[in-house]
Each structure stands twice: as C-alpha cells, then as structure tokens.
Amino acid sequence: MDRVILIKYGELTTKKGNRNFFINLLYNNIKKKLQKYDVNISKDRSRMYITFKNEELNDIKNIIDKIFGIHTYHIAYITESNEESIKNKVLEVLKTKTFSTFKVETKRSNKSFPINSMDMNNILGGLILKNISNVKVDVHNPEVLVKVEIRDEKTFIYLNSYAGSGGYPVGSQPKAMLMLSGGIDSPVAGYLAMKRGITLEAVYFEAIPHTSLEARDKVIKLTRKLSIYTDKINLHIVNFTKIQEAIYKNCREDYCITIMRRMMYRIMEKLLKMHNAYAIINGESIGQVASQTLTSMSVINSTTNVPVIRPVACLDKLEIMDIARKIDTYDISILPFEDCCTVFVPKHPVINPKMETAIKEENKFNYQELIEEAVNSLNTITVTSEDKAFEDLL
C-alpha cells in the first residue's frame, strides 16, 4: 500500500507572513538529515510529505523524532479524493488490523468534495461496521482512531500520531554559545535553546591537570548527543588553568567561585564577538548552588552586556533530570569526572556576594592578561552525531 510520512507544523503555522521562511528552513533541515535515505520530500503551507522505502521507515522515524519544528507526524496511506477510493482504502487498511472499537474523524480541506465531514464519518463508520466483524463504535476511547484528511488532489488516511520535538527549526534564530560543563543542567539548557531555533556552539572550560582528560571526553560525548538535534556543533575548549590557579592563590576562598564565574563571562563575551554570536546560554537554575542565587547572578552577570539566557532557570532539579534522561545525556553527565566548577569548590562559598568585594578580590591579580592568553590558545573541534572518537584530543 502506498504510504507517506505526513508532517504537521504546529507552532510554525502561527507565523503568518514569516511562515514560508520557517517551513523552508524545516524542509532544508529535514532534507539534510535524510540525505542518506531514498526519500522524496514535498511541502505546502500546512503539511510536509515524505515518501520512503518501507525498510528504511524505522531509521527515518528515529531521525524525524529529533528534528525541531515538527509538531506531529503520521504514517499515512494515500488514495484519490473520491468517495469510492476513500472507502476502498479505509477497508484495505483496517482489514490488516485487529481491534474491537473504532472512531472515524474526517477533515475536508477540499471544500469542493461533495460530502461534508460529518456525513463522511457516518458513511465510513457504517462501511466498517458492515464489513469488519465484531467491532463497534466508541467515540470516547476507541482502540483505533481512523483519521481521514481529504485534500485537493489526494486523501490521506492514518491510524497513528507521533509527537515531534516541537519548537522552531534550528537556524531560525542566530548563533548563541553554550557554557557546557560536564553536569546535568547545561546540556539540557543547550537542548532547550536549540528547540527555540538557536544555532548553537559550545564552550568548555578545563583546568588540566586539576581536571582530567576523561572530563574533556565526557563533554565531547555530551556535545555529540546535542548534535543529534542539528547537523554539527563547534566545541571550543578553553584552557582555564592559569586563571583558576591565580584565583585560588590570590583571592578570598569564599569568593573564588564568584570570581571564577566572572572570568568565564568575560571570556564568553570575547568568544561571542569572535564567532558572531548573540547570546550566552548556560545551565544556571535559581538557588541550586551558591553561584546561582539572584544576588550571585547579579554580581557575576555585571561583567558583560550581552544577553545571558538561562533555559532551566525556573526548573527544579527533578524536572531537569527528566529532560536529561529524555535526550540521553543523564548517564554521561553523572560520570565521576569533575570540571572547573566542581574541582575547587570551597567549603563555604559566599551566597550573597558584594559587588565591591568581588571587584577588590579579582583586582589582586592581572586577570586581563590571563584572559587574553586563554582566548588566544583556544582549541576548537567540530562534533557531529556520527563522530566515534577524538583520540587526538585525549
């Protein structure tokens, strides 16, 4: 039986005059992701259609599940938009299924079709009852929901509905840079940012030998998981060792985390300018640790004028963990390799830092020179979902 993947846009249809921009971008993203498969993709203002080989369907579904901009999709049977063809196709499809209750829902987008939606529901319902034994109608909780979409040239019939990832196609917003640690929160923040259409690059701060090569590999693996939702992600590795050592040598212990984050924000701002990015993204969640109280955020954030986006700011830890499991980053994030933010945590970090104290402490060493050195020694790699190893970096 002829089938097609029928994609529905959802939120994209609210874009009015910009709708074609979003649809064309989604089309290009899908085409790029499915370039290895024998498919044909067509589109209009309300639907997208993908023809496929049956043996490739499961692989294609796994890819489509992770493409932002898709609200729902269906594996639909195709027939001509006339009464007899629709009736024959509905019976042909349902005779391959086992069920006891059903419901028919018709949507008549083609207003020239001579039978209205309600009457078509009744015609098809009666046809099913007459030709398939031991079944009955259940309008509230049917085992099989028969959806019939009558469009201009073709009619689509389907019994299934698969949830897409929603959001906007990646690339509908400009580039931003994610502060990617090895923890649970920052990969989730990156995923949520991409869901809003943001093109993502990632930045990892390491302090070898205080942090390990295993910690770096952990971040590369997390980047690879995030790259599934786009085509590739550039990962910028910052050598933070000298800065971190200078902080812990010269500054008050309780202010070390605050000053460390202020240095990271200064570096991030420079990287944004270097790579034509528009915002910093991080995994800060309000109140979760000492550096994430509103007072701390204010003191740390004062070092930069660029937008700082915190997608998980108002989520609790359990909500963040649920998303991490959904996107398959949780098991990597909990591997026991410490990053810059955890390796030197003081016993009693300041919860409500004072701006004047932070400035006084960081001015005890020449951080501008160290920041320039860190930025100039940047190590950048491009990560895709198909990368298997980065032995040359480990």
(Q) If K103 satisfies all but one of (1) part of a strand (DSSP E or B); (2) under 31 Å from the mean Cα position of the chain (by Cα); (3) basic (K, R), what's the number of the condition it fails? (A) (2)
Q.
Criterion first (touching a Leu at 6+ places or on another chain (Cβ under 6 Å), over 18 Å from S285 (Cα atoms) and in contact (Cβ under 8 Å) with a residue 40 or more places away in the chain) does T211 satisfy it?
A. no
Q | Of all residues in region 1-45 being hydroxyl-bearing (S, T, Y) and surrounded by 13 or more Cβ atoms within 10 Å (Cβ to Cβ), the one that is farthest from D65 (Cα to Cα) | A | T13
Q. Looking at N58, N88, N18, N40, which is the one that is free of Cβ contacts under 8 Å to residues at least 60 places away in the same chain and closer than 16 Å to A163 by Cα?
A. N58
Q. Out of G197, G283, which single residue is surrounded by 18 or more Cβ atoms within 10 Å (Cβ to Cβ) and in contact with a Pro (Cβ under 7 Å, 6 or more places away or on another chain)?
A. G197
Q) Can you tell me which residues in region 315-365 are part of a loop (DSSP other than H, G, I, E, B) and among the basic types (K, R)? A) K347, K354, K364
**Q.** Cβ pairs under 6 Å, 6+ apart, first in region 113-141 and farther than 19 Å from E80 by Cα and of a type outside the set (D, E, K, R), second assigned to a loop (DSSP other than H, G, I, E, B) and at pLDDT 95 or above
**A.** V135/S100
Q | Extreme residue, modelled with the lowest pLDDT, among residues of region 37-57 that are among the basic types (K, R) and over 22 Å from the mean Cα position of the chain (by Cα) | A | R45
Q.
So for region 63-71 (the condition being more than 17 Å from the chain's Cα centre (by Cα) and either surrounded by 14 or more Cβ atoms within 10 Å (Cβ to Cβ) or not in a loop (DSSP other than H, G, I, E, B) (or both)), does at least one residue qualify?
A. no
Q.
Every residue in region 79-97 that is surrounded by fewer than 19 Cβ atoms within 10 Å (Cβ to Cβ) and either in a strand (DSSP E or B) or of a type outside the set (A, V, I, L, M, F, W, C) (or both), please.
A. E80, N82, E83, E84, S85, K87, N88, E92, K95, T96, K97
Q: Sort out which residues of region 143-192 are within 30 Å of A207 (Cα to Cα), small (G, A, S) and not in a strand (DSSP E or B), and write them in order of number.
A: S181, G182, G183, S186, A189, G190
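The values are calculated or read from the model by the stated rules, or taken from the named source; none is laboratory data. Keep in mind that this is a model prediction, so the values were computed, not measured. Virtual Cβ from ideal backbone geometry, glycine too; neighbours counted across all protein chains shown.
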